[in-house]
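**Student:** Below is a structure I'd like to ask you about.
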Amino acid sequence: MKHEEIISRQKAHGFAEMQEMINTGQAWRMEGAIGREAMALLDSGACMLPQKRITDYYGNVVPSRDDLKEGTKGTFQNSVNFWTKVDNGEIEIDEFADFDEE
């Protein structure tokens with residue numbers, strides 16, 4: 001699965017805005033609920049970290065997806081695994097799903 005295919009699926013399921021907030025670092029500069037939602041989406045694989053490191057509100061460095069072990073939370077491979085399961089019907093998804101319960 002290619003990056004563009006994941007982006008297309010994110011748009012179709014309502015995750016594009018959160019992916020953009022993660023990419024720009026805005027998710028880490030807003031109220032805690034936004035950051036927690038972003039972390040849940042990174043954990044599930046619905047979203048992934050950007051290719052460049054960013055800095056959060058407190059000056060902490062948020063790693064890029066390439067800094068992490070392949071297949072772990074926030075990586076491209078984690079997103080590939082998630083969206084492949086969605087495509088195969090193993091995960092049923094809607095745009096308001098609460099992934100931190102998985």
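**Student:** Return a whole-number percent for the relative contact order of the chain, with Cα pairs under 8 Å and 6 or more residues apart as the contact set.
**Tutor:** About 26 percent, as a whole number.
**Student:** Here's a follow-up. With n ≥ 4 as the cut-off for DSSP H runs, can you work out [θ] at 222 nm for the chain, using -39500 (n - 2.57) per run divided by the number of residues, rounded to the nearest 500?
**Tutor:** Value at 222 nm, helices only: -13000 deg cm²/dmol.
**Student:** With only alpha-carbon atoms in the gyration tensor, what are the semi-axes of the equivalent ellipsoid for segment 38-79, in Å, largest first?
**Tutor:** After scaling each eigenvalue by five and taking roots: 17, 12, 7 Å.
**Student:** Whole number please: convex hull volume per residue, Cα atoms of segment 23-62, in Å³. Kindly include the intermediate steps, with their values, before the conclusion.
**Tutor:** On the way: hull volume 2.4 nm³, N = 40.
So the per-residue hull volume is 59 Å³.
**Student:** At a Förster radius of 25 Å, what calculated FRET efficiency corresponds to the Cβ-Cβ distance of Asn23 and Asp87, to the nearest 0.05?
**Tutor:** Calculated value: 0.60.
**Student:** Could you order peptides 64-73, 5-14 by the average number of other Cβ atoms within 10 Å of their residues, highest first?
**Tutor:** 5-14, 64-73
**Student:** Could you give the size of the charge dipole of the chain about its Cα centre, using +1 on the Cβ of each K and R and -1 on the Cβ of each D and E, expressed in debye and rounded to the nearest 20?
**Tutor:** 540 debye
**Student:** Before I look further, what does the chain give for accessible area per residue, probe 1.4 Å, in whole square angstrom? If you can, show how the numbers build up before the last one.
**Tutor:** Details: 6320 Å² over 102 residues.
With the other protein chains kept in place, the chain gives 62 Å² per residue.
**Student:** With all protein chains present, how much of the accessible area of the chain (probe radius 1.4 Å) comes from carbon and sulfur, to the nearest whole percent? Intermediate results must be reported in sequence, preceding the final value.
**Tutor:** Details: 2850 of 6320 Å².
About 45 percent, which is the carbon plus sulfur part of the accessible surface.
**Student:** At what distance in nm do the modelled label points of Ser64 and His13 sit from each other, each positioned 7 Å from its Cα along Cα→Cβ?
**Tutor:** The two pseudo-label positions are separated by 2.6 nm.
**Student:** Only Cα pairs within less than 10 Å get springs; with that Gaussian network setup on the chain, which residue of Met48, Met39, Met21 has the largest fluctuation?
**Tutor:** Taking springs between Cα atoms under 10 Å, the residue moving most is Met21.
**Student:** After finding the eigenvalues of the alpha carbon gyration tensor for the chain, what semi-axes result from the square roots of 5 times each, listed largest first in whole Å?
**Tutor:** 21, 15, 12
The values are calculated or read from the model by the stated rules, or taken from the named source; none is laboratory data. Quantities reported herein were computed from a predicted structural model and do not represent experimental measurements. Here Cβ is always computed from backbone atoms with ideal geometry, including for glycine, and neighbour counts include all displayed protein chains. Side chains included, ligands, DNA and RNA excluded: accessible areas come from the protein's heavy atoms. Shrake-Rupley method; radii C 1.70, N 1.55, O 1.52, S 1.80 Å.
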